[in-house]
Amino acid sequence: MPDILQDLGYLALGSRLKRLAERMQAEATQIFEQNSFLTQPSHFPLLAALDRYGPLTVSEAVNALGVSQPAVTRTLVGLIDMGLVDTTVSDTDRRQKTISLTEAGTAAVARMKRDVWPHVARAAAEMAAGPDASLLDQITRIEAALDERSLVARAMNGHALIEYSDDLAGAFHDINAEWISEMFTLEPNDIAILSNPRELIIEKGGTILFVSTGGLGIVGTCALMPVKDGHFELTKMGVLKSARGRKSGEFLLAKALERARTMEMNSLYLLTNRKCAAAIHLYEKLGFEHDAGMLATYGQRYDRCDVAMSYPFDALTA
């Protein structure tokens, strides 16, 4: 079937970009609806700007978004009606209103950043990936990718990596408490780490990562925790029982190893139990090796530990 906008080339560039934008925004709306968000694509830039830059005056929002003041005002009215933003009048210039996220707005944006935005970004990047080409060829590539598989389908499947933030401390605790309690008993060391992830991991130079799986949100986590003298433990890795079988754990472990290669460490090991056969198989698949020396050195940290594995140093520094 002929496509007049494609046939007209650069003459129809504006119309073609508008068509592509409307198509992607319509699919993004479906993704938000499936995740129980009532916001529209037109609301997204202002919410993102307030999240990134903090409270903004209307004039500052106009400059940040690159749109007209009436457009900002229309968006603002909709977000106020939903209870996501509020405005205050400046004490020094009563003509200026300052826009800020409400408590509900802050919580909604936090959930969008965890459960929706990373997947939409990943899906869009996937469709745009390819060799360098002219702008028209790039647009054609994105349109063809949309025809082949919608933005909704791409975003609602697959995985995205999420960095630790304090609002995810509860997820870090709950995901790990689920699998540990299912198979073993929470030990004092578990409770200490799960209750104080920032203090015991982040502030000591470690990192905590999460995997968000399309349509399910945050489903798994793991940590790279400093122990001493450049030794790190891959620890507190788990995936929610309801999300198993979707390779979320494999994605997360691969990303954790990528991160480990960027960090200054002398060794990376993990402690587990032979009952965790599926996990051990995954560790072996991605390069970990059984290590009796690490078991003797660190295994006493957990009563349940009867297996220790380490990641080859040359692979770690490659």
Count of residues meeting criterion [open to solvent by 20 Å² or more (accessible area, probe 1.4 Å), out of contact with any helix residue (DSSP H, G or I) (no Cβ under 8 Å at 6 or more places or on another chain) and among the aliphatic types (A, V, I, L, M)] in the stretch 158-196: 3
Any idea which of Val85, Val120, Val116 is without any contact (Cβ under 8 Å) to a residue 60 or more places away in the chain, under 27 Å from Glu22 (Cβ atoms), crowded, with 19+ Cβ neighbours inside 10 Å and among the β-branched types (Val, Ile, Thr)? Val85
So, in the stretch 276-316, exactly how many residues are polar (S, T, N, Q) and in contact with a helix residue (DSSP H, G or I) (Cβ under 7 Å, 6 or more places away or on another chain)? 1
For the stretch 68-81 the number of residues that are surrounded by 15 or more Cβ atoms within 10 Å (Cβ to Cβ) and touching a helix residue (DSSP H, G or I) at 6+ places or on another chain (Cβ under 8 Å) is 6
List the strands (runs of 3 or more DSSP E) that sit entirely inside the stretch 220-318 and contain at least 3 residues that are open to solvent by less than 30 Å² (accessible area, probe 1.4 Å) and in contact with a His (Cβ under 9 Å, 6 or more places away or on another chain). 267-272, 307-310
Within the stretch 89-100, does at least one residue satisfy the condition of being farther than 30 Å from Glu148 by Cβ and aliphatic (A, V, I, L, M)? yes
Residue list for the stretch 132-157, restricted to those being within 17 Å of Ala28 (Cα to Cα), open to solvent by 30 Å² or more (accessible area, probe 1.4 Å) and of a type in the set (Val, Ile, Thr): Ile142
Extreme residue, farthest from Met82 (Cα to Cα), among residues of the stretch 26-49 that are open to solvent by 50 Å² or more (accessible area, probe 1.4 Å) and aliphatic (A, V, I, L, M): Ala26
For the stretch 50-61, which residues satisfy the criterion of being open to solvent by 30 Å² or more (accessible area, probe 1.4 Å) and more than 13 Å from Leu101 (Cα to Cα)? Ser59, Glu60
Sort through Ser36, Ser100 and tell me the only one that's in a strand (DSSP E or B) and either at pLDDT 95 or above or at positive phi (or both). Ser100
Take the residues of the stretch 191-238 that are closer than 16 Å to Thr262 by Cα and of a type in the set (A, V, I, L, M, F, W, C): which is nearest to the chain's Cα centre (by Cα)? Leu209
Tell me, which residue of the stretch 1-23 that is open to solvent by 50 Å² or more (accessible area, probe 1.4 Å) and over 22 Å from Ala124 (Cα atoms) is modelled with the lowest pLDDT? Met1
Test: Ala61 is assigned to a helix (DSSP H, G or I), under 24 Å from the mean Cα position of the chain (by Cα) and hydrophobic (A, V, I, L, M, F, W, C): no
Just one of (1) touching a helix residue (DSSP H, G or I) at 6+ places or on another chain (Cβ under 8 Å); (2) closer than 30 Å to Gln30 by Cα trips up Arg246, so point out which. (1)
Six or more apart or on different chains, Cβ atoms under 6 Å: show the pairs whose first residue is in the stretch 3-22 and free of Cβ contacts under 8 Å to residues at least 40 places away in the same chain and whose second is polar (S, T, N, Q). Leu5/Ser15
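The values are calculated or read from the model by the stated rules, or taken from the named source; none is laboratory data. Predicted model only: the values in this text are computed from it and were never measured. Note that we place each Cβ from the backbone using ideal geometry, even for glycine, and neighbour counts take in every protein chain shown. SASA here: full protein model, heavy atoms, side chains in, ligands and nucleic acids out. Shrake-Rupley method; radii C 1.70, N 1.55, O 1.52, S 1.80 Å.
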